[in-house]
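Participant: Take this structure, written in structure tokens, and hold onto it; I'll ask about it next.
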Amino acid sequence: MIHLGSGEPACLIPEAAVQAAQEMLAGGQVRYTAASGTPEMKQAVIQYTKEQYGVSPEANQVVISSGAKQALANALYALSLPGEEILFLAPYWVSYPDMVRLAGGIPRVLVPEDNSFTPPARVVVDAIDQRTKAIILNSPNNPSGAVYSREFICEIAQACAERGVWLIMDDIYHRLVFEDNVWTSIYDCLPGGIEESRVVVINGVSKLYGMTGFRIGWAVGPSELIGAMGRMQAQITSCPSALSQTAAVAALQGDQSCIEQLRNDLRSNANILLECLKDLPGVKVQAPRGTFYCFADFRAYCDSSSKLAEMLLNRALVITVPGDAFGMEGHLRLSTCGSAEQIREGVARIRWALDSHAPKTIKIGDQEVTRDW
């Protein structure tokens with residue numbers, strides 16, 4: 001089986017995180033923490049925000065959660081009211097629509113007319129009306145790998161500020177951008193600081209450090225909203241794991257070379273994937289500029305991306321993720337988290353499965369597979 005659907009890096013977690021967790025376990029004291037996170041974890045996020053965004057939040061402007069997903073959900077729970085809309089662009093992360101519905105809001109998906117992953121900011125700004133409560137921006141984007149420009153984000157941020165709309169920045173991939181020196185700070189767009197803004201920045205350790213199983217994320221924003229998120233979290237999960245927070249602090253404060261290594265590996269794998277896909281007739285690809293993903297257009301081969309993904313799984317033993325889950329039918333999300341060899345083999349199998357002129361039988365591992373479709 002070739003796994004081109006993974007959403008987590010294959011790298012080992014930082015050694016500093018391992019050691020910190022081992023020491024805490026050896027001490028035998030893994031207890032409850034404050035509902036919104038330990039002082040040490042909050043301080044690590046404050047320092048991280050200062051280094052990466054150029055602003056220094058106060059402790060009451062930070063909440064630590066059980067993953068970035070819980071931080072995003074808490075923000076939606078605290079902001080959404082029945083009848084109010086949350087806007088986001090397609091393609092979008094698969095959980096956005098249902099998370100909005102669970103919070104009582106109405107998801108409103110903006111689909112670019114030309115299937116572009118980076119439409120003009122005016123498309124988003126013009127969609128704001130009296131029912132709009134918040135906009136979610138995810139850059140770099142899952143599943144497309146698109147990176148929104150500073151001008152794009154700033155135009156939307158300024159429109160939100162003028163119209164009293166919240167802006168939720170899903171920044172979980174923000175340092176996994178392939179170009180060097182790419183702008184990342186939303187606060188450069190805003191005249192005031194964190195407290196005066198209507199901006200919530202969501203982040204975590206899952207993607208940058210390969211710590212997906214530790215489930216630690218956070219949100220930075222105005223203290224009133226962050227306080228509401230913390231109180232809500234206290235009634236849902238009590239607190240994030242003490243052990244996971246200890247490991248996350250060590251990762252944030254330790255050697256950061258692993259991030260650059262991951263970024264370089266993903267960039268190399270993305271180039272390999274693009275090179276392999278370019279010879280696949282009818283498939284259209286926009287080069288990803290970040291993340292772990294490429295979102296390829298397979299509409300020349302299918303009306304249903306789910307059926308195509310199922311066929312590739314059953315016939316070619318290749319795992320992909322269908323695009324309909326991301327709001328764009330006919331696409332497949334292909335991951336670059338695996339090895340170069342897995343990427344080449346996976347695309348070769350896809351090519352064989354789609355090519356009516358290919359040999360009817362190929363060898364996959366020790367198994368002979370015959371085309372009967």
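The values are calculated or read from the model by the stated rules, or taken from the named source; none is laboratory data. No experiment lies behind these values; they were computed from the predicted model shown. Cβ coordinates were reconstructed from backbone atoms using ideal geometry, including for glycine residues, and neighbour counts include every protein chain displayed. Ligands, DNA and RNA are excluded from the accessible area calculation, which covers all protein heavy atoms including side chains. Shrake-Rupley method; radii C 1.70, N 1.55, O 1.52, S 1.80 Å.
Participant: I'd like the full set of residues that are of a type in the set (D, E, K, R) and open to solvent by less than 80 Å² (accessible area, probe 1.4 Å), limited to the range 32-56. It would help to see each step written out before you state the result.
Facilitator: Keep residues of the range 32-56 that are of a type in the set (D, E, K, R), which gives 40, 42, 50-51.
Scanning the range 32-56 gives a single hit, Lys42.
Participant: Something else about it: Is it the case, given these coordinates, that Val125 is touching a Gly at 6+ places or on another chain (Cβ under 7 Å), in contact (Cβ under 8 Å) with a residue 24 or more places away in the chain and more than 17 Å from Gly221 (Cα to Cα)? Spell out the reasoning first.
Facilitator: Working: touching a Gly at 6+ places or on another chain (Cβ under 7 Å): no; in contact (Cβ under 8 Å) with a residue 24 or more places away in the chain: yes; more than 17 Å from Gly221 (Cα to Cα): yes.
Spelling it out, it is not the case that Val125 is touching a Gly at 6+ places or on another chain (Cβ under 7 Å), in contact (Cβ under 8 Å) with a residue 24 or more places away in the chain and more than 17 Å from Gly221 (Cα to Cα).
Participant: Just one of the numbered conditions (1) surrounded by fewer than 20 Cβ atoms within 10 Å (Cβ to Cβ); (2) within 14 Å of the chain's Cα centre (by Cα); (3) among the acidic types (Asp, Glu) is not true of Asp171; which one?
Facilitator: Single failed check for Asp171: (1).
Participant: Name the residues in the range 86-119 that are over 20 Å from Arg231 (Cα atoms) and in a helix (DSSP H, G or I), would you?
Facilitator: Residues satisfying the conditions are Tyr96, Pro97, Asp98, Arg101.
Participant: Another question, if that's okay. Restricting the search to the range 267-277, which residues are within 14 Å of Leu4 (Cβ to Cβ) and of a type outside the set (S, T, N, Q)? Steps first, answer last, please.
Facilitator: Of the residues in the range 267-277, the ones within 14 Å of Leu4 (Cβ to Cβ) are 269-270, 272-274, 276-277.
Selection gives Ala270, Ile272, Leu273, Leu274, Cys276, Leu277.
Participant: Taking Ile64, is it open to solvent by less than 30 Å² (accessible area, probe 1.4 Å), under 22 Å from the mean Cα position of the chain (by Cα) and without any contact (Cβ under 8 Å) to a residue 24 or more places away in the chain? It would help to see each step written out before you state the result.
Facilitator: Numbers: open to solvent by less than 30 Å² (accessible area, probe 1.4 Å): yes; under 22 Å from the mean Cα position of the chain (by Cα): yes; without any contact (Cβ under 8 Å) to a residue 24 or more places away in the chain: no.
Here the answer is no, as Ile64 does not meet what is asked.
Participant: Might you let me know whether the range 2-17 holds any residue that is in a loop (DSSP other than H, G, I, E, B), open to solvent by less than 30 Å² (accessible area, probe 1.4 Å), of a type in the set (A, V, I, L, M, F, W, C) and touching a residue at least 40 places away in the same chain (Cβ under 8 Å)?
Facilitator: Scanning the range 2-17, I find at least one residue that is in a loop (DSSP other than H, G, I, E, B), open to solvent by less than 30 Å² (accessible area, probe 1.4 Å), of a type in the set (A, V, I, L, M, F, W, C) and touching a residue at least 40 places away in the same chain (Cβ under 8 Å), so the answer is yes.
Participant: What helices (runs of 4 or more DSSP H) lie completely within the range 225-332 and have 1 or more residues being free of Cβ contacts under 8 Å to residues at least 40 places away in the same chain, closer than 22 Å to Met211 by Cα and open to solvent by 20 Å² or more (accessible area, probe 1.4 Å)? Working first, answer last.
Facilitator: Working: elements: 242-253, 257-277, 305-316.
The qualifying helices (runs of 4 or more DSSP H) are 257-277.
Participant: Further question on the same structure: Might you check whether a residue that is modelled with pLDDT of 95 or more, assigned to a helix (DSSP H, G or I) and either open to solvent by 40 Å² or more (accessible area, probe 1.4 Å) or closer than 24 Å to Ile172 by Cβ (or both) occurs anywhere in the range 351-369? Even if it seems obvious, please write down each step before you answer.
Facilitator: Initial filter on the range 351-369 (modelled with pLDDT of 95 or more): none.
No, the range 351-369 contains no residue that is modelled with pLDDT of 95 or more, assigned to a helix (DSSP H, G or I) and either open to solvent by 40 Å² or more (accessible area, probe 1.4 Å) or closer than 24 Å to Ile172 by Cβ (or both).
Participant: Working carefully through the options Ala44, Ala21, find the one that is more than 25 Å from Met169 (Cβ to Cβ), modelled with pLDDT of 95 or more, of a type in the set (A, V, I, L, M) and not in a loop (DSSP other than H, G, I, E, B).
Facilitator: Numbers: Ala44 fails: more than 25 Å from Met169 (Cβ to Cβ).
Going through Ala44, Ala21 in turn, the sole match is Ala21.
Participant: Within the range 71-87, can one find any residue that is under 21 Å from Tyr173 (Cα atoms) and among the aromatic types (Phe, Trp, Tyr)?
Facilitator: no
Participant: A further question follows. If I filter the range 122-159 down to residues being small (Gly, Ala, Ser) and under 20 Å from the mean Cα position of the chain (by Cα), which single residue comes out as nearest to Glu196 (Cα to Cα)?
Facilitator: The initial filter retains those residues of the range 122-159 that are small (Gly, Ala, Ser), namely 127, 134, 139, 144-146, 149, 157, 159.
Next cut, under 20 Å from the mean Cα position of the chain (by Cα) only: 134, 139, 144-146, 149, 157.
Numbers: Ala134: 16, Ser139: 23, Ser144: 32, Gly145: 31, Ala146: 29, Ser149: 23, Ala157: 13 Å.
The qualifying residue nearest to Glu196 (Cα to Cα) is Ala157.
Participant: Another one. Restricting attention to the range 201-229, which residues are in contact with a helix residue (DSSP H, G or I) (Cβ under 7 Å, 6 or more places away or on another chain) and within 15 Å of Thr246 (Cα to Cα)?
Facilitator: Of everything in the range 201-229, those that are in contact with a helix residue (DSSP H, G or I) (Cβ under 7 Å, 6 or more places away or on another chain) and within 15 Å of Thr246 (Cα to Cα) turn out to be Gly204, Val205, Ser206, Tyr209, Met211, Thr212, Phe214, Arg215, Ile216, Gly217, Trp218.
Participant: Against the condition open to solvent by 10 Å² or more (accessible area, probe 1.4 Å) and hydrophobic (A, V, I, L, M, F, W, C), how does Ala161 come out, does it pass? Give the steps one after another, and end with the answer.
Facilitator: Numbers: open to solvent by 10 Å² or more (accessible area, probe 1.4 Å): yes; hydrophobic (A, V, I, L, M, F, W, C): yes.
It is true that Ala161 is open to solvent by 10 Å² or more (accessible area, probe 1.4 Å) and hydrophobic (A, V, I, L, M, F, W, C).
Participant: Just one of the numbered conditions (1) in a helix (DSSP H, G or I); (2) open to solvent by less than 60 Å² (accessible area, probe 1.4 Å) is not true of Gly83; which one?
Facilitator: Answer for Gly83: the failing condition is (1).
Participant: Still on this structure: When you scan the range 161-170, do you find a residue that is in a loop (DSSP other than H, G, I, E, B) and without any contact (Cβ under 8 Å) to a residue 12 or more places away in the chain, even just one?
Facilitator: So in the range 161-170, the residues in a loop (DSSP other than H, G, I, E, B) come out as 164-165.
So of that shortlist, the ones also without any contact (Cβ under 8 Å) to a residue 12 or more places away in the chain come out as none.
The answer is no, given that none of the residues of the range 161-170 is in a loop (DSSP other than H, G, I, E, B) and without any contact (Cβ under 8 Å) to a residue 12 or more places away in the chain.
Participant: If Lys133 satisfies every condition in (1) in a helix (DSSP H, G or I); (2) open to solvent by 30 Å² or more (accessible area, probe 1.4 Å) but one, which is the exception?
Facilitator: (1)
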